[in-house]
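Here is the structure we will look at.
The values are calculated or read from the model by the stated rules, or taken from the named source; none is laboratory data. The structure displayed is predicted, hence computed values, not measured ones. Positions of Cβ are generated from backbone atoms using ideal geometry, with glycine treated the same way; all protein chains shown enter the neighbour counts. All accessible areas refer to the heavy atoms of the entire protein, side chains included, with ligands and DNA or RNA removed. Shrake-Rupley method; radii C 1.70, N 1.55, O 1.52, S 1.80 Å.
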Amino acid sequence: MMQPVSASKLEIPFDAIVLAAGKGTRFKGETPKVLHPILGISALGRVLKTLSEAGCRRAIVVIGHQSEKIESEINHLQPRWTHMNIQTVLQSPQRGTGDAVRQVRDQIPDLRPTVLVLAGDVPLLRSETLLSLVHHHTTQDAHLTLLGATVENPTGYGRLILNPSEPSGQLQAIIEESDAGESQKKIQYVNTGVYALHWPVCTPMLSTLSAATGQGEYYLTDLVGIALTHGHRVACQWLTDATEMIGINTRAHIAEAVHALSHRQIQALMQAGVTILSTAQTLIAPEVRIGADTVIYPGCVLEGEVTVGSGCELGPNTQLIGPVRIEDNVRISHSVVSDSVIAKGAYIGPYAHIRGGSAVGMDTRVGNFVELKNVQMGNASAAAHLSYLGDAHIGDRVNMGAGSITANYDPVRDVKHLTHIEDGAKVGCNSVLIAPVAVGRNSCVAAGSVITKTVEAGDLAISRGKQTVLPQWVIKHESPTALFRADCQP
């Protein structure tokens, strides 16, 4: 069984080749399969993240189909991992995994002894797994080490043929399913498609790969047979958790990977003191950190860089999209929060939407059908009902009445302006503050007002039409028939 190896135990650095040139025809869509999101990060991004965490110095991504989209994703991801350089190599035409690795021969010098090869669509691989593979590869003084797994249903995978006479189960061959006999198809030892190569030895062997009959493709699995034929040392490392080898080849695999990744994180969080009431109805990404005694109700989705404090209640039906920081004792119900900070003791929802760099202060209430966008909201304030607050600085102990709005957008000039509401101000129901505008400390805006000028501290601002009542106007203008119908109502 594979033993985890920490980065401190790994003495030999390594490079990696990530295979991401395939079309993914079974997806039947325009997005390359490696770019489909898995809990907020693309499948390719998760593979690169794992390599970075394992200490990889350089990752060379082999691209082909829709290469521009993949390069754009890599440019977006590169700043996250400054210590790992990411490069791309184009494979055109796409002629199999063996040919893809051959495209990289000139990019990696022979003095780099260890190179990992893996697919760009295996988002569940752990960094500990890759470290263990490299450690096993180097300690065994192997020229090629393959990562294998034991599965109950091996359908679709290449079978590993082991030598039963050797205690270590020396690998003898890889048989693809299309070439396997009935007895071989029952073998439960399978190839995960992850390899550690001793680059100076394996590079010349890449030139000897032959195209598969009738397909014109070169398979990297053939490298194992070539290495054995030449007497090179071939080792095998075994996965402890076979779910790590889940590849994204269909949309059903996306669902499988998402739930497996989430389940892994949920189990770790529950062991750390988090209560999750329905593991089947909750999705939590590996990047999420949650403090003890927090309760997660069903229907919650947490993805991206999300940090939740202790003693919080999230849900039901709440989505947090990082970067998000939630401090202690916060309650969020039926709401969406993204790119924002919620301070201690705040109460959010139900049906609130907080986004765009907003910050909600301590013990502040953001209630039913309230949206905040780029709002800095102070402590012990409230916007409890039916409000849109955009591009605003709101102080402490401010009350925004139901239906109050900060009108931040100037459509003529196509610019947005700030609204400043100082401590202790009260904004009445159904009021509109036309930015740029300021409402002073302890002032009051009467309900139904449209405010376009500064309201000084302590002032009352009223801006609405004067009410007019015309006595008996309705009765005088109703037709006799209408009056008859009204009089006959029970």
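Annotations
- Among the conditions (1) touching a residue at least 40 places away in the same chain (Cβ under 8 Å); (2) more than 23 Å from the chain's Cα centre (by Cα), Asp179 misses just one, which is (1).
- Cβ-Cβ contacts under 8 Å between residues 6 or more apart (or on different chains), taken from a first residue in the stretch 94-105 that is at pLDDT below 90 to a second residue that is in a helix (DSSP H, G or I) and of a type in the set (A, V, I, L, M, F, W, C), are listed as Gln94/Ala100; Arg105/Leu206.
- Filtered residue count, the stretch 51-109, keeping only those that are small (Gly, Ala, Ser), assigned to a loop (DSSP other than H, G, I, E, B) and out of contact with any strand residue (DSSP E or B) (no Cβ under 8 Å at 6 or more places or on another chain): 3
- One residue from Pro13, Pro32, Pro37, Pro113 being at pLDDT below 85 and of a type outside the set (Lys, Arg): Pro13
- Apart from one condition, Ala119 fits all of (1) out of contact with any Gly (no Cβ under 8 Å at 6 or more places or on another chain); (2) modelled with pLDDT of 90 or more; the exception is (1).
- Figure legend. Inter-residue proximity from the stretch 144-163: first residues over 21 Å from Leu116 (Cβ atoms), second residues part of a loop (DSSP other than H, G, I, E, B) and open to solvent by 20 Å² or more (accessible area, probe 1.4 Å), beta-carbon distance below 7 Å, spacing 6+ or different chains. Indicated pairs: Thr150/Gln188; Val151/Gln188; Glu152/Gln188; Pro154/Ile187; Pro154/Gln188; Arg159/Ile187; Leu162/Gln170; Asn163/Gln170.
- Counted residues, the stretch 325-341 - those being buried (at least 21 other Cβ atoms within 10 Å of the Cβ), touching a Ser or Thr at 6+ places or on another chain (Cβ under 6 Å) and outside any strand (DSSP E or B): 1
- Boolean, His334 is closer than 30 Å to Arg26 by Cα and not acidic (Asp, Glu): no
- Exclusive hit being in a helix (DSSP H, G or I), touching a residue at least 60 places away in the same chain (Cβ under 8 Å) and closer than 27 Å to Thr138 by Cα, set Val201, Val224: Val224
- Extreme residue, farthest from Ile321 (Cα to Cα), among residues of the stretch 342-358 that are open to solvent by 30 Å² or more (accessible area, probe 1.4 Å) and in a strand (DSSP E or B): Tyr347
- Flag for Leu418 being closer than 27 Å to His353 by Cβ and either among the aliphatic types (A, V, I, L, M) or open to solvent by 10 Å² or more (accessible area, probe 1.4 Å) (or both): yes
- Count of the stretch 376-406 residues which are of a type outside the set (A, V, I, L, M), within 14 Å of Thr419 (Cβ to Cβ) and in a strand (DSSP E or B): 6
- Scanning the stretch 295-324 for residues that are crowded, with 19+ Cβ neighbours inside 10 Å and more than 13 Å from the chain's Cα centre (by Cα) yields a total of 9.
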